[in-house]
1. Taking 0.36 nm per intervening residue step and subtracting the Cα-Cα distance, what contour gain separates Gln60 from His28 on full extension?
2. For labels at Lys9 and Ala75 in the simple 7 Å Cα→Cβ model, what's the distance in nm?
3. At 37 °C and 0.692 mPa s, grab the translational diffusion coefficient of region 11-82 from Stokes-Einstein with a Kirkwood Rh over Cα pairs, rounded to a whole number in µm² per second.
4. If Lys and Arg each add +1 and Asp and Glu each add -1, what is the summed charge of the other residues whose beta carbon sits under 14 Å from the beta carbon of Ser56?
5. Out of residues 5 or more away from Thr13 or on other chains, whose amide H comes under 5 Å of its own, with H placed 1.01 Å from N in the peptide plane?
6. Which whole-Hz ³J(HN,Hα) couplings does region 22-29 yield from phi under the Karplus relation 6.51 cos²θ - 1.76 cosθ + 1.60, θ = phi - 60°, glycine and proline marked x?
Amino acid sequence: MHADLTSAKTPVTLDEIWTRVHYALARHPLCREVLFDVVRTPRNARGGNWTVSMNSIAPQAIWEASDIVADIQEAYDLVTEICRSDALAA
């Protein structure tokens, strides 16, 4: 019954996720012009509860941008409204 701490995701807000994705894409030369939105989604089987909708992306940047977003999705979990409400009340 030991929790696997290496697979735990860091809780963040939508704004924090957007900022992390923005800076990660900006660091890659092919992905600097990618336009995107971070979208809340129902929790899936792998535990994710957000995704990135890429609105404008050059064909040569598709794989790189997808890999960057996938890496970020593995690391972060969107804070639920209940957790945010508890934090604001404290």
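1. Working: separation 32, 0.36 × 32 = 11.52 nm, distance 1.20 nm.
Between Gln60 and His28, full extension yields an extra 10.3 nm.
2. So the label points at Lys9 and Ala75 sit 1.4 nm apart.
3. Working: Rh = 12.4 Å.
Translational D for this selection: 264 µm²/s.
4. Around Ser56, the charge tally is -1.
5. Excluding prolines and chain starts, which carry no amide H, the hits are Val79.
6. 3J(HN,Hα) across region 22-29, in whole Hz: 4, 5, 5, 5, 5, 6, 9, x.
A short reminder: the numbers here are calculations on the coordinates, not readings from a lab. For clarity, every value in this text was computed on a predicted model and none was experimentally measured. No Cβ is skipped: glycine too gets one built from the backbone with ideal geometry, and neighbour counts run over all protein chains shown.
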